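A short worksheet on the structure shown next.
The values are calculated or read from the model by the stated rules, or taken from the named source; none is laboratory data. Since we're looking at a predicted model, the values are computed, not measured. Cβ placement follows ideal geometry from the backbone for every residue including glycine, while neighbour counts extend to all protein chains displayed. Ligands, DNA and RNA are stripped out before the accessible areas are found, and what is left, the full protein with its side chains, is counted by its heavy atoms. Shrake-Rupley method; radii C 1.70, N 1.55, O 1.52, S 1.80 Å.
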Amino acid sequence: MVLIKLFCPLTGLMGKDRSYSKGGLHLDTKELAWKAQKGDHEAFGLLMENRKEAIYRVAYSYVKNREDALDIVSEAVYKAFVSVRKLKNPDYFNTWFTRILINCAINHLNKNKKLASFHHTVEGEAGGGVSREEKIDLYSAIDSLDAGEKTIIILMYLEGFTLREIAELLECPLGTVKTRLNKALISLRVKLQEV
Amino acid sequence: MSDRLKDFGKSVDIELPEDLDGVIYRAIERGKLDMRRKKSRVRAFKGAMCAVFLLAAVFAAGVNTVPAFAEAMEGIQGLAGIVRVLQFDRDRAAGGELTDGQDIGAVDWEKGGEEESILVSLLAEGSPAGLPGSFEVLKEQYPGRLVLKLHGVRGISADITAPENSEYVEDIYRLVTLDDSSQRLVVSFKKAVDYQVAEVEDPAGILLTIKPAAAESLPELFSLRTPSLEFGEQVGVWEEVLTWEYGGKDVRQLKDSQGTFFVEEGLYESEGEALDRLGELQEMGLDFPLMVEKVDGLYSREYMGQ
């Protein structure tokens, strides 16, 4: 079993493009996305290989259990694969894919109508500077946010996106993201009795 | 709060499952299979379209209104999968063969010149079926729409969405059907249209060909309807109760402008008539809300809350 860090500031999901060697050629994400768009299945596979940890992290952040997270990953990869030809600009592959992933995660939550419990998950997690009780409180508080606010918190604090990147990803104005973030932070403070 | 969240983010580790690669690999393989199926459907769709256009041209020669001619056209061989073009008796047409266990595998929309087509493809045990199961097509107004009742169809694996650039089709959606051996699909229209419905074989499908028609003037009517609800069992229950317990003759489900669903008990010529019927239903013990909505034949119905 491999342990990965949840917090990975921009080197993962949006990340500075990793590159690959394929058939002696050196390909970056944009080139791979362009090839995938033209029907190169291997290129699509490489893109997923590059992003698999980040993909899983985001999915897991929504549902907090392995089975549901894998279902979301599966659905997002499938949807991206069958629609990659429709991607308008390979430059935005990562943004485009993350949007699919978030939609799949939110749909999954809506479909199952169940609040994933963080509690059992925290049991197995490594330490760090935050106590386990504190983690449980934070997890529960994040869980109680609505899907839109939760998405912003996950992307910003667990995945390290900037506000501008989140706005781009969610296709909404920067001001809206800031407002939602403030609202989410206020909610969290109230729930954690910091006001 | 912000710092606390940052520390929290940094401190959380999760285990990466060993079968993550396998899940991704299987998702890609599922995508490949789906794309192969889609390609095969597109080929069948195009073949069927050619046949329909050919038939339409023959009909346009002046014999399309003669039912005997239509009957004679049934079963013509060599017309790329078209078994027959259905003839409407008043507002109902029927086709297909009695079968069970089919699944709606895809609903594809295509535009060709002034005409648009929708192909409903049917699967049996995960593969394209040979012939469509028994089905009915009902024409309705307020708003203009076609309802496809597919018997022996137990599932919908297709991702059903409204076409984005259609001139005629407002929406394609399913209705809540409490009978698990059938499914219902609706094609609703933005404007007055003419359509032709054909039964397609190998692979099995139902092909709707839609073209423009002269706008018709419809009188204002009064609908007796439930509030709007999210798609779900309750909508189906209301429909069944109004039909079977209260003897409603024209009970149907509709989707409103906000994407929620409601049940209509009937359309009445005056508000008074609708209110009389409401009183009658309440006297009979109706225990859920019904209200009167004025409808003018426009191609959209309004959301109404409780």
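Figures for the structure shown
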read-out: Given B:K190/B:K211; A:K52/A:K86; A:K35/B:K111; A:K30/A:K86, the pairs whose alpha carbons are separated by over 20 Å; value: A:K52/A:K86; A:K35/B:K111
read-out: Cα-based shape type of the range A:20-116, given that a ≥ b ≥ c are square roots of the gyration tensor eigenvalues and the cut on a/c is 1.5; value: prolate
read-out: Rough spin-label spacing in nm, given labels placed 7 Å along Cα→Cβ, for B:Y246 and A:L192; value: 5.2
read-out: Set of the range B:270-306 residues, backbone N closer than 16 Å to the point 7 Å along the Cα-Cβ line of B:I160; value: none
read-out: Estimated FRET transfer efficiency when R0 is 22 angstrom, pair A:N182-A:N103 (beta carbons, to 0.05); value: 0.40
read-out: Kirkwood-Stokes translational diffusion coefficient of the range B:221-295, alpha-carbon pairs, 10 °C, 1.306 mPa s, µm²/s; value: 130
read-out: Too-long pairs where the Cα-Cα distance tops 23 Å, listed order kept, from B:K139/B:K294; B:K32/B:K255; B:K139/B:K191; B:K191/B:K294; value: B:K32/B:K255
read-out: Nearest-0.05 FRET efficiency for B:M291 and A:E49, computed from C-beta distance (R0 60 Å); value: 0.60
read-out: Contact surface B-A: accessible area buried, both sides summed, square angstrom, 1.4 angstrom probe; value: 3800
